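Undergrad: Have a look at this one before I ask anything.
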Amino acid sequence: MTYEQNARAQAGRLIESGHARILAVESSCDETAIAIVDDGRVERANAIASQIDTHQLYGGVVPEIASRMHVEALDPLLDEALRQADCTMDQVDAVAVTYGPGLVGALLTGVSWAKAFAYACGKPLIAVNHIEGHVSANYVAHPDLTPPFVCLVASGGHSHIVSVEHYGSYTLLGGTTDDAAGEAFDKVARVLDIPYPGGPLLDRLADEGDEHAYHFPTPHTEGAYDFSFSGLKTAVINQAHHLRQSGQEIVARDWAASFRRCVVDILVDKTLLAARDTGADKVAIAGGVAANSLLRSELIRRGEKAGLGVYVPPKRLCTDNAVMIAAAGYYRLMAGEVAELTLNALPALSMFG
Ligand code: KG4
Ligand code: ZN
């Protein structure tokens, strides 16, 4: 039997049983991660190696360095994940891997590693979209959550409002017309001399600030559920330069608090509007920006007030990890989607058709 025939036969048995222990690999940007998850819902291992300290020296992710560091991190992370899950490679049923979107070289390291693992162990390979992974973090965090629901996905490279109709079936309701929300946080943080990635540190600084101290413009968008953060970011940066040139001090914590309030209000307004207009009774958030403390508390407060079920994953499952890739991979596998060993990295992969 060839590898392909064997993998298909095994996938068929897993689908019939409804059970699968999935080992997943994530390497799309600056985190290398390997996780083990049972049945798309039960986290057994979550091993992560962050490269942030290295990229911080350059003020952003250096793709070539990211790829090299992924290669070095993958094997030790496998040992760590198997140790955490207290299992052997034989006890893993299938291997899932992020194949896009992301940095091409970074993605390729994970894809090549996962293909080698699948082939060597004779296990089915599952190709996972990184953004679908972010959405699926909610399945691990909330065992009771099932589609349909509306999900805000806000990360360093993407900002979408997605209608999740079924597992693996999505409609894009709105998205950014320019910068992603995380990108706006990171760029505005730079003006305050906050090191990369600015989002989490700006969030912490904002906790001590007065959010009414500064006023920033609310960007206009054509689509009711679309975002535009580029204009806001430029306005905020220009205002900072202007104040400094006229000799005025910027109070960083107040600046951070006012900016965070502005972005969070936009994200929450549009997500709740999309939920209301589509008749959804559940909303969820996902992606690195979903770790923002004000976004989390505001979505819960306002969403519950509107009578919605609100689903917010723990922060460690919002930023990049492989648990979310395993969760998405489980539902892909159960839908009969097994990847070939010719799988390639697709840096601009979309989740919408
Ligand atoms: O999902 P993620 O880990 O990687 C991508 O797929 O992009 O998201 C990273 C982004 C960065 O822009 C980072 O600054 C932002 O998420 N982020 C935050 C917070 N934690 C991470 N932004 C605002 N507040 C936070 N607490
Ligand atoms: Zn991500």
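Just so you know, all these numbers are worked out from the coordinates, no wet-lab data involved. Keep in mind that what you see is a predicted model, and the values were worked out from it rather than measured. Every residue, glycine among them, receives a Cβ derived from its backbone with ideal geometry; neighbour counts consider all protein chains shown.
Undergrad: What's the ranking of 159-166, 246-253 by average number of surrounding C-beta atoms within 10 Å, highest first?
TA: Packing proxy ranking, top to bottom: 159-166, 246-253.
Undergrad: So what is the calculated 222 nm ellipticity per residue for the chain, using -39500 (n - 2.57) for each DSSP H run with n of 4 or more, over all residues, to the nearest 500 deg cm²/dmol?
TA: Value at 222 nm, helices only, nearest 500: -15000 deg cm²/dmol.
Undergrad: Gain in length, Thr278 to Ile52, computed as 0.36 nm per residue apart minus the alpha-carbon separation, to one decimal in nm?
TA: 77.5 nm
Undergrad: For the pair Thr218/Ala306, report the inter-label distance in nm, with labels modelled 7 Å from Cα in the Cβ direction.
TA: 1.4 nm
Undergrad: If you take the beta carbon distance between Leu172 and Glu64 as r and set R0 to 30 Å, what does 1/(1 + (r/R0)^6) give as a FRET efficiency, to the nearest 0.05?
TA: Working from the Cβ atoms, E equals 0.40.
Undergrad: Thr146 to His19: extension gain in nm, 0.36 nm per residue of separation minus the Cα-Cα distance?
TA: 44.0 nm
Undergrad: Additional query: Between beta-carbons, use under 15 Å as the cut-off and find the net charge around Pro219, counting Lys and Arg +1, Asp and Glu -1.
TA: The answer is -3.
Undergrad: Separate question: Take peptides 173-186, 297-310 and line them up by average Cβ neighbours within 10 Å, highest first, as a rough protection proxy.
TA: 173-186, 297-310
Undergrad: Classify the stretch 63-176 as rounded, prolate or oblate from the Cα gyration tensor: take a ≥ b ≥ c as the square roots of its eigenvalues, call it rounded if a/c is under 1.5, otherwise prolate when a/b beats b/c and oblate if not.
TA: In terms of gyration-tensor shape, oblate.
Undergrad: If I model a spin label at Val251 and Asp265 as a point 7 Å from the Cα along the Cα→Cβ vector, what separation in nanometres do I get?
TA: For Val251 paired with Asp265, the spin-label model returns 1.8 nm.
Undergrad: If you take every residue apart from Pro313 with its C-beta less than 14 Å away from the C-beta of Pro313, what net charge results, scoring Lys and Arg +1 and Asp and Glu -1?
TA: After counting each charged neighbour, the total is +2.
Undergrad: Would you work out which of Ala94, Met351, Gly309 lies farthest towards the positive end of the dipole of the chain, given +1 charges on the beta-carbon of Lys and Arg and -1 on that of Asp and Glu, about the Cα centre?
TA: The Cα lying farthest towards the positive end belongs to Gly309.
Undergrad: While we're on this one: First measure r as the distance between the Cβ atoms of Asp193 and Asn238, then evaluate 1/(1 + (r/R0)^6) with R0 = 25 Å and state the FRET efficiency to the nearest 0.05.
TA: So the FRET efficiency works out to roughly 0.90.
Undergrad: Can you give me the angle between helix 130-141 and the longest principal axis of the chain, using Cα atoms only, in degrees from 0 to 90, rounded to the nearest 10?
TA: 80 degrees
Undergrad: Quick one: Cα centre-to-centre distance for the stretch 225-272 and the stretch 302-353, in angstrom?
TA: If you average the Cα positions of each part, the centres end up 30 Å apart.
Undergrad: Sticking with this one: If you line up the long axis of helix 230-245 against the longest principal axis of the chain, both from Cα atoms, how many degrees apart are they, to the nearest 10?
TA: Approximately 40 degrees, to the nearest 10.
Undergrad: Label-point separation (nm) for Glu208 and Cys121, each offset 7 Å from Cα along Cα-to-Cβ?
TA: The two pseudo-label positions are separated by 4.6 nm.
Undergrad: Pairs of lysines 8 or more apart, or on different chains, with alpha carbons under 23 Å: count those in the chain, would you?
TA: Counting lysine pairs in the chain gives 11.
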